[in-house]
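Asker: Quick one: the structure is below, questions incoming.
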Amino acid sequence: MKKMIAVMGLSLLVKSVFALPELAIPDLIYSDTTDDIGVENADVRGLIAKSGKFKVIHVPKNFDTHAVFFASNESSIEESAPKLNDGSKYILIGEVSSANWNDSNYAIPNTSSYSVTRSVNMVVSYKLVRIVDKEIVASFSVTPSSFHTSILKANEKSNSNKSKMMKDISMDLATQVLNEITHQNPNSVDYGDKPMVSSFKTYDN
């Protein structure tokens, strides 16, 4: 009888279910010199969750975001970390250092019309902290923005859609953050568990 190699179940077992690394994303910190314009991390949470790179988890109400962002030593990061389930845990902390609304007017030559552009711009710095060893595994800054331009006649007033601009800048923030944490430094940032391959056996029949 020919020698056959039988595989019982799966002789080469690749772990098919990956435990996604847990990521807590608290609300943004606005610096003391920056006005809170109402943009938060809600769309950041949603887009990162949809990406499948992380399991976005709830942040406890008593979580000290400020302490984690400005932690000067490992113990302070650990003490202020949210109490989560065991396993890989990351925290993405963002601080807004600049947030401004701006209006600019431009007279259109040889007409009685003029253009009005309203823009909103932010500068947000993030730290991705791995709680298991209290290491900041990534840091980056993003510069989301949104604008609206109107062409107006003399004596007309600009009527920019502020709610749409807020939605646009929030989504721009989320897109830039997702791009940074997935592509900034893929060789040095390990976001999850690697596949596990079991040993396999051969049998003679």
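The values are calculated or read from the model by the stated rules, or taken from the named source; none is laboratory data. Please read all numbers here as calculations on a predicted model, not as lab measurements. We place every Cβ from the backbone using ideal geometry, glycine too, and count neighbours over all the protein chains shown. Areas reflect the complete protein model, heavy atoms only, side chains present, ligands, DNA and RNA absent. Shrake-Rupley method; radii C 1.70, N 1.55, O 1.52, S 1.80 Å.
Asker: What pairs in Lys134/Lys167; Lys50/Lys162; Lys89/Lys164; Lys53/Lys127; Lys61/Lys164; Lys61/Lys134 have C-alpha atoms more than 23 Å from each other? Present the calculation step by step, with values, prior to reporting the outcome.
Answerer: Numbers: Lys134/Lys167 34 Å; Lys50/Lys162 26 Å; Lys89/Lys164 34 Å; Lys53/Lys127 17 Å; Lys61/Lys164 29 Å; Lys61/Lys134 21 Å.
With Cα atoms farther than 23 Å apart: Lys134/Lys167; Lys50/Lys162; Lys89/Lys164; Lys61/Lys164.
Asker: Once R0 is set to 41 Å, what does the formula 1/(1 + (r/R0)^6) return for the Cβ-Cβ distance between Asn155 and Ile37, expressed as a FRET efficiency to the nearest 0.05? Before the final figure, lay out each step's value.
Answerer: Details: r = 29 Å, r/R0 = 0.71.
E between Asn155 and Ile37, to the nearest 0.05, is 0.90.
Asker: Please give the contour-minus-distance gain from Ser104 to Asn179: 0.36 nm per residue of separation, less the Cα-Cα distance, rounded to one decimal in nm. Let's see the in-between values first.
Answerer: On the way: separation 75, 0.36 × 75 = 27.00 nm, distance 3.04 nm.
Stretched out fully, the Ser104 to Asn179 stretch lengthens by 24.0 nm.
Asker: Sticking with this structure for a sec: Accessible area per residue for region 110-161 in Å², computed with a 1.4 Å probe and the full protein assembly in place, what is it?
Answerer: About 54 Å² of surface per residue is accessible.
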